[in-house]
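Readers should treat all values here as calculations from the given coordinates under stated rules, not as data from a laboratory. Worth saying up front: this structure is predicted, and the values here are computed from it rather than measured. Here the Cβ is made from the backbone with ideal geometry for all residues, glycine too, and neighbour counts use every protein chain on show.
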């Protein structure tokens with residue numbers, strides 16, 4: 001066994017490095033009970049603090065309703081809450097999700113557009129309930145209303161949660177597989193905002209728009225169109241099925257002059273591998289994304 005003197009330069013270096021702790025990280029993709037997450041906005045902040053993050057973005061689907069609670073919960077915690085939203089959009093004949101960071105949560109035009117999407121989400125939720133009832137499933141009206149009233153932005157996960165609550169499935173995953181997925185064809189189509197309009201609204205609200213979990217087949221031509229429309233970032237840090245995809249999208253972001261965003265896309269405690277802080281961007285990447293914000297478009 002080799003002993004190193006307590007006062008050696010190596011020992012002092014090890015002590016200094018240990019005192020520095022891990023480099024600051026930020027999870028810029030999380031969901032709360034304001035949309036289809038299992039954690040309240042306050043719990044999202046608490047878990048971000050437990051993960052020793054410097055910042056967390058609440059990116060609920062089509063709503064900013066959870067931001068005030070998260071911001072209040074973060075006071076004095078050392079965790080920055082990035083006001084953000086994940087907007088359901090349409091582009092090139094398919095659905096894309098757009099992340100809007102550093103937006104003003106009191107911006108009238110953005111909130112009006114999000115309110116329309118959330119109203120359509122409620123209608124779609126009840127259309128799923130109707131389809132499932134027509135297929136013989138007992139879904140009491142009071143339970144359906146209780147689930148829908150518990151969120152600002154209803155979605156398919158809430159339909160799955162209702163099925164579990166009514167005893168038709170043991171887990172949300174089973175509910176999706178057996179009931180929600182097959183019912184999708186008969187339910188009301190999801191309302192989507194044209195992506196160019198969503199980008200404009202994010203920028204008008206003082207934020208920066210980043211494409212969430214870009215699909216594997218996203219072409220350079222389509223990405224170029226989005227950049228021309230004002231896209232400022234690309235999600236690269238994510239729970240990709242292959243770790244090489246993170247490197248690919250970081251390289252793509254650099255090639256198109258985009259900032260890097262990313263996060264866990266955490267919706268709750270299960271699966272634990274996708275918890276808050278499991279996938280993050282660095283403090284430098286957060287700063288670069290912040291630098292893109294503040295461009296007001298009239």
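Helix 244-255 axis versus longest C-alpha principal axis of the chain: approximately 80°, rounded to the nearest ten.
For the chain, modelled as a Gaussian network with Cα springs under 10 Å, which listed residue fluctuates most, 62, 36, 27? Highest fluctuation among the options: 36.
Entry note, the chain: relative contact order of 22 percent, from Cα contacts under 8 Å with a spacing of 6+ residues. A Gaussian network model of the chain, with springs between Cα atoms under 10 Å, assigns the largest mean-square fluctuation among 208, 164, 44 to 164. Each residue in 195, 87 was given a count of other beta-carbon atoms within 10 angstrom of its own, and listing them fewest first yields 195, 87.
FRET efficiency for the pair residue 283 and residue 178, taken as 1/(1 + (r/R0)^6) with r the Cβ-Cβ distance and R0 = 30 Å, rounds to 0.10.
Taken as Cα centroids, the range 43-109 and the range 179-258 sit 16 Å apart, rounded to the nearest whole angstrom. Per residue, the chain reaches -12000 deg cm²/dmol at 222 nm when only DSSP H runs of four or more residues are counted, each adding -39500 (n - 2.57). Helix 195-204 and the longest principal axis of the C-alpha atoms of the chain enclose an angle of approximately 60°. Among DSSP bridges having both ends in the chain, what percentage is antiparallel? Round to the nearest 5. DSSP beta bridges in the chain are roughly 45 percent antiparallel. Helix 9-20 axis versus longest C-alpha principal axis of the chain: approximately 30°, rounded to the nearest ten.
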